[in-house]
1. Go through region 219-229 and report how many residues are in contact (Cβ under 8 Å) with a residue 24 or more places away in the chain and open to solvent by 10 Å² or more (accessible area, probe 1.4 Å).
2. I'm checking my understanding of the structure. Among residues of region 82-91 that are open to solvent by 20 Å² or more (accessible area, probe 1.4 Å) and closer than 18 Å to GLY240 by Cα, which one is farthest from the chain's Cα centre (by Cα)?
3. With the checklist (1) open to solvent by less than 30 Å² (accessible area, probe 1.4 Å); (2) not in a loop (DSSP other than H, G, I, E, B) in hand, flag the one item LEU79 doesn't pass.
4. Which residues, taken from region 244-273, are β-branched (Val, Ile, Thr), open to solvent by 40 Å² or more (accessible area, probe 1.4 Å) and not in a helix (DSSP H, G or I)?
5. Could you tell me whether region 63-73 includes any residue that is in contact with a strand residue (DSSP E or B) (Cβ under 9 Å, 6 or more places away or on another chain), open to solvent by less than 30 Å² (accessible area, probe 1.4 Å) and of a type in the set (Ser, Thr, Tyr)?
6. Can you tell me how many residues in region 275-316 are more than 30 Å from GLY265 (Cα to Cα), small (Gly, Ala, Ser) and open to solvent by 40 Å² or more (accessible area, probe 1.4 Å)?
7. So LYS208 clears everything in (1) touching a residue at least 60 places away in the same chain (Cβ under 8 Å); (2) surrounded by 20 or more Cβ atoms within 10 Å (Cβ to Cβ) except one condition, right? Which one?
Amino acid sequence: MTEATIQFHHVPVMLDACLQALCIKENGIYADGTLGGAGHSSEIARHLKNGRLIGFDRDPSAIAVSGERLSVFGERITLVNRNFFDVKTVLQELQISGLDGALLDLGVSSHQLDEASRGFSYMHDAPLDMRMNPNDVLSAYDVVNTYSEEKLSDIIFSYGEERWAKRIAAFIATEREQSPITTTGQLVEVIKKAVPKSARKDGPHPAKRTFQAIRIEVNNELGGLKQAVTDFADSLVPGGRLAIITFHSLEDRIVKTAFRELEKGCTCPPDYPICICGQKSVGKVITRKPILPDEHELEANPRARSAKLRVFEKNL
């Protein structure tokens, strides 16, 4: 095992619940849209005999490390260094007509948070980066130093649900007039100055919501999510299942809404006597209420605290 593998530590969230949700068939074809450290993928692969697992990740280091970890499964594994938003294109390129199941574990991976140099964490001082794919053009440095104060405020409020968004954006704008904000440590200090002391007594770290917002903007995490959910649902074979883990209310709301629309089908106003849109129900929502991690898991993995698992099944 290489040093990189040791460092790329990943505790799969709600693993048993995910495996049960997917109802894995030993000869089925499955996709892990957020490969990360291959925590979920390793267990899915163990349930396969003649089946196949397609692992997506935009982070080249995740592909490299997971490729090593999953090498024991041989030809059952196909890894793709692409965003899961591209699922339909990738499946077409691989000549795969349908999936028996798919899993999406949204948000930033444990490895990306723990590797200080990636600039995702407000707990480590590092260059402002936050790119899940280091080859992408836009970085956190660009967002913090080039976006208008108004746009920064909108992003921090919308993606971070931060009540002090306007004040934080104003403080960032003032600070960068003197010199660019280049590190996570500098940004944290600016945020601490912006958030009133009384508001910092309780609740999460004062920089948590702002860092979340900037990360979402840098990686366009929400921009194509609803379409991706639809594309994965369309890519399922009859009876196939899509399981999605979310970690904050924004992405969970998108997933919940997308599942409901896929289940409902028809988009005509309720007072229309007949359907004229022609849209049919794609499947059914298995989880009327999201599955949450139990107390045992929360003790072992505190990062699972905000996780919610939702499951959709395609019509037969």
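1. Keep residues of region 219-229 that are in contact (Cβ under 8 Å) with a residue 24 or more places away in the chain, which gives 219, 221-222, 224-229.
This time we only want the ones that are open to solvent by 10 Å² or more (accessible area, probe 1.4 Å), so: 221-222, 224, 226-227.
So the count comes out to 5.
2. To start, the set of residues in region 82-91 that are open to solvent by 20 Å² or more (accessible area, probe 1.4 Å) comprises 82-86, 88-89.
Still in the running and closer than 18 Å to GLY240 by Cα: 84, 88.
Working: PHE84: 10, LYS88: 18 Å.
My answer is LYS88.
3. (1)
4. The answer is THR267, and nothing else.
5. Within region 63-73, one or more residues are in contact with a strand residue (DSSP E or B) (Cβ under 9 Å, 6 or more places away or on another chain), open to solvent by less than 30 Å² (accessible area, probe 1.4 Å) and of a type in the set (Ser, Thr, Tyr).
6. Going residue by residue through region 275-316, those that are more than 30 Å from GLY265 (Cα to Cα) are 293-305.
Pick out the ones that are also small (Gly, Ala, Ser) and you get 300, 304.
Imposing the further condition that a residue be open to solvent by 40 Å² or more (accessible area, probe 1.4 Å) reduces the set to 300.
Counting residues in region 275-316 that are more than 30 Å from GLY265 (Cα to Cα), small (Gly, Ala, Ser) and open to solvent by 40 Å² or more (accessible area, probe 1.4 Å) gives 1.
7. LYS208 satisfies all of (1) touching a residue at least 60 places away in the same chain (Cβ under 8 Å); (2) surrounded by 20 or more Cβ atoms within 10 Å (Cβ to Cβ) except (2).
The values are calculated or read from the model by the stated rules, or taken from the named source; none is laboratory data. On a predicted model such as this, the values are computed, not experimentally measured, just so you know. Counting neighbours? That spans all protein chains shown, and the Cβs are built from the backbone with ideal geometry, glycine included. Ligands, DNA and RNA are excluded from the accessible area calculation, which covers all protein heavy atoms including side chains. Shrake-Rupley method; radii C 1.70, N 1.55, O 1.52, S 1.80 Å.
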